[in-house]
Amino acid sequence: MSLPPGFLDELRTRSSLSQVVGRKVMWDARKSNQGKGDMWAPCPFHQEKSASFHVDDRKGFYYCFGCHAKGDAISFVRETENVGFMEAVEILAREAGMPMPERDPRAQEKADKRTELADVMELAVKWFRLQLRTGGASAAREYLERRGLRQDVCDRWEIGFAPDSWQGLWDALKGKDIPDELIIGAGLAKPSSKGGKPYDTFRGRIIYPIRDARGRAIAFGGRAMDPDDKAKYLNSPETELFDKGRSLYNVKNARVAAGKGQPLLVAEGYMDVIALSEAGFGACVAPLGTAITESQLAMLWRISDEPIITLDGDTAGQRAALRLIDLALPLLEAGRSLRFAMMPEGQDPDDVLKSAGPAAVQSLLDAAVPMVQLLWQREVEGKVFDSPERKAALDKSLREKIMLIKDPGIRSHYGQAIKDMRWQLFRAKSGGGGGTQPRRQRGQPWGSKAPQGPSAGAKSSMLATSGDARATEHLREAVILAACISCPEVVEAFEHGLESMTCMDREHDRLRDLILRHASEGAQVLRDRIRDAIGPDGLENLMSQRHVAITPCIRKPGNVDITTMTIAEELAKLSAVRGLMDEVNDAADDLSGEADEGVTWRLAEAARAAELAQRSGQEDKAEYVIADNGARLDRDQVAKSRSMFDQIDFSKGGKKSH
C-alpha cells in the first residue's frame, strides 16, 4: 500500500519520539533535559547499564552510542514491536489520532505529480527573483530598502517581484514547455472566466517564497505595491503542495536555530520573521495570514516545548492571543505550554527593532507571561467585582476554562495559580495585608471593618465594661483558623466568609491568608507552608492553646462534619458580636448630649442581644439560617434583630410610637 504524499510528514509531526520511546525505557534523570527534548536512557536494543541511548525529540531521531542503532519513531516501533513498516505506521497513526488513508492505487502517480509541482515552484522562485532586479521593480526595491532589507538580505530570503502584467509568469513557464495543468496546479495561475489565456495569480506584488520543513518551495506570499489594493497580503491558493493551516513560514530555518538553543518565536507576518531573524532571533516562524491552527500548534511544540508568541500590541493582536489560549488549553501536556510577549501598543516586532534595537525585543521576551496569566487577564480586565454575584461569575468562567485541560496534573496547577491571582486581586481591593483596620464608620455595613474598640463615649458605658469582647473575638478567630488547618477540605465552602473576616492581629491575618491560598494542596502542604511563614513554634502555639485544643474538631482532626459545624457556628457568632458591638459604639457616641428615650432603648436592646450571643457560646439548642457568607446565624436572634430595627424611627433617632 502506498501512502499519500505528506502523510508520513504529518505523522512524524504529531508523534513525539520521546513518548514513543519512553514506553520502553527508563530515562536517566541526571543526564536528560526534558525541556530541550534531549533524553538519555540505557539502550533497549542491547544489554547495558549506562545511559548511552540518545533521543533528540526536536529532530525526531534516536542513536545509541553503544550498538549504533538509529532511526525515527517508525523504525523504533518496527524494531521493538517486531512489525512491518505499514503496521508500525498504523500503530503510530492510531496513537496520534490520525485515520489511516484508504488504499490508493494512484498514490505513486500523485507523488510523482507533487515532485513535478515542486519543480515548477522552483522555476517560479528563480523568475520572481530575477524580476526584482529589473527596471520595473524600482519602486519595490525602494520599499524594501526603506524597510531595512538590503540586497544581501533579499537574496538570503529569496525575495522577488511579480510585475503588474497578466501573463508574465505564465508566458515564462510556457516558454519552458511547462504544461498548463502544472502551472495552474501549483497555484501560479488561474483559468480565465472569459475563455482567454489563464492569468498570473500574483501581479504587482513583492514575493516571499514559502518553504516546508524539507526546504521545498510550496507557496508564495505577495505584498501589494498598490496601496488601494483590496488585499494587502495574498497567499497562494491551497494546492496538492500547500495546506495553509498546516504550514509555517521559515519553519526549516527556525527548527535548526531552535535546535541550537534559541527560543522559538511566533510572529505575525513575513516582515516580522525576517527582521527578527536578521537581528539574531533565528528561531522565528509565522502563520500564513490566519489564526494559529491545531496542526500549526503541534508543529510548534514539535520544535520547542514552550514557544513564545510575539503579538502586535493592538486589539487584533490581543484577540489573536486570546483565541490561541482557547485552542491550546485542551492540548496542554506536562512541560509543554506557551508564553506571550506583547509588543508596545501600535507596534510589531519589526517596529520595536527599528526604534529600540534587539535589546528591547530581548527584554520583552524575558518578560513574556505564561498562558495562565493571560487567561486571568482576559477574565478580569476592565471588570469590577464588587458583589458576590460578580465574583461567582468570575469563578464560574475560570472553572469552565480550566476544565478544558485534559491533563489532571496541569489542571490542578492551573487551579492553584488562578486561586493565587484571585486572592491577590480581592485582597488588594479589600485593603488586606495584616494588622487592624479602622473602625467602621456610621452607615457602613456590619463587619466591613475590624472593630477597633469602643470610642471615648462608649468606654464609659456598662455595655463596654461588662466583659472583654475583644479577647473573646480573638479566641473565636483562633478556633476558626485552627479548625481550617486541621481539616482543609472544608475551606472551599467557607471561602467568602473567611475572606470577609478581617482578623484582629497580624499573626491571625497571615494565617488566614495562607489557609485561603494553600488549603487545596492538602493538610500536610498547608502545615508546611504555615511553618515556613511563621516559624515552627507559631503553628504549635496556636494548636496547643487550651480553648483551641479542647475544640472537638481539633481533638478529631479531619472530621469534615464536626469541622464544618464548628467553623459555621464560630463565623456566625463572630459576625453577630462584631455587628452588635458596632451598633453599641454608634449608640454610645450619640450620648454626647442629653440622653433621650430612643438612645437609651437602643442601648438596652443592644445589651440584650449581646447577652444572647454570649449565651449561645455555652449551649447550642438554637435553629440556624444560612447567611450570604455561608455562616450559620441563630434564627431567633435574626428575628429579634429585625424586630428591633422595625421599631426604630431612624429619622428621629428613637422608638416608633404605636
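The values are calculated or read from the model by the stated rules, or taken from the named source; none is laboratory data. In this text, all values refer to a predicted model and were calculated from it rather than measured experimentally. Cβ sites come from the backbone with ideal geometry, for glycine too, and all protein chains shown count toward neighbours.
Please enumerate the residues belonging to the range 222-260 that are closer than 13 Å to D212 by Cβ and of a type in the set (K, R).
The initial filter retains those residues of the range 222-260 that are closer than 13 Å to D212 by Cβ, namely 236, 239-244, 246-255.
Residues satisfying the conditions are K244, R246, K252, R255.
Per the listing I567, I530, the residue uniquely within 19 Å of T472 (Cβ to Cβ) and either modelled with pLDDT under 85 or crowded, with 21+ Cβ neighbours inside 10 Å (or both) is I567. Would the range 41-58 turn up any residue that is exposed (fewer than 15 other Cβ atoms within 10 Å of the Cβ), within 29 Å of the chain's Cα centre (by Cα) and not hydroxyl-bearing (S, T, Y)? No: the range 41-58 contains no residue that is exposed (fewer than 15 other Cβ atoms within 10 Å of the Cβ), within 29 Å of the chain's Cα centre (by Cα) and not hydroxyl-bearing (S, T, Y). For the range 282-338, the set of residues classified as at pLDDT below 85, β-branched (V, I, T) and assigned to a helix (DSSP H, G or I) consists of I303, T315, listed by residue number. Of all residues in the range 527-561, exactly one satisfies the criterion of being touching a Ser or Thr at 6+ places or on another chain (Cβ under 9 Å) and without any contact (Cβ under 8 Å) to a residue 12 or more places away in the chain, namely K556. Taking the criterion of being in contact with a helix residue (DSSP H, G or I) (Cβ under 9 Å, 6 or more places away or on another chain) and free of Cβ contacts under 8 Å to residues at least 24 places away in the same chain, no residue of the range 309-348 qualifies. Considering the range 482-563, there are no qualifying helices (runs of 4 or more DSSP H) wholly inside with 1 or more residues that are in the same structural domain as Q416 (by TED's automatic domain parsing).
The residue that is surrounded by the fewest Cβ atoms within 10 Å (Cβ to Cβ), among those in the range 250-280 that are free of Cβ contacts under 8 Å to residues at least 60 places away in the same chain and under 15 Å from L297 (Cβ atoms), is V251. Could you tell me how many of the residues in the range 57-68 are out of contact with any Ser or Thr (no Cβ under 9 Å at 6 or more places or on another chain), of a type outside the set (F, W, Y) and closer than 18 Å to W27 by Cβ? Result for the range 57-68: 1.
Being at negative phi, hydroxyl-bearing (S, T, Y), free of Cβ contacts under 8 Å to residues at least 40 places away in the same chain and assigned to a loop (DSSP other than H, G, I, E, B) holds for only one residue in S75, S50, and it is S50. Residue selection: M342 fails the criterion of being in a helix (DSSP H, G or I) and crowded, with 16+ Cβ neighbours inside 10 Å.
When you scan the range 374-395, do you find a residue that is surrounded by 19 or more Cβ atoms within 10 Å (Cβ to Cβ), under 26 Å from G280 (Cα atoms), touching a residue at least 12 places away in the same chain (Cβ under 8 Å) and in contact with a helix residue (DSSP H, G or I) (Cβ under 9 Å, 6 or more places away or on another chain), even just one? No: zero hits.
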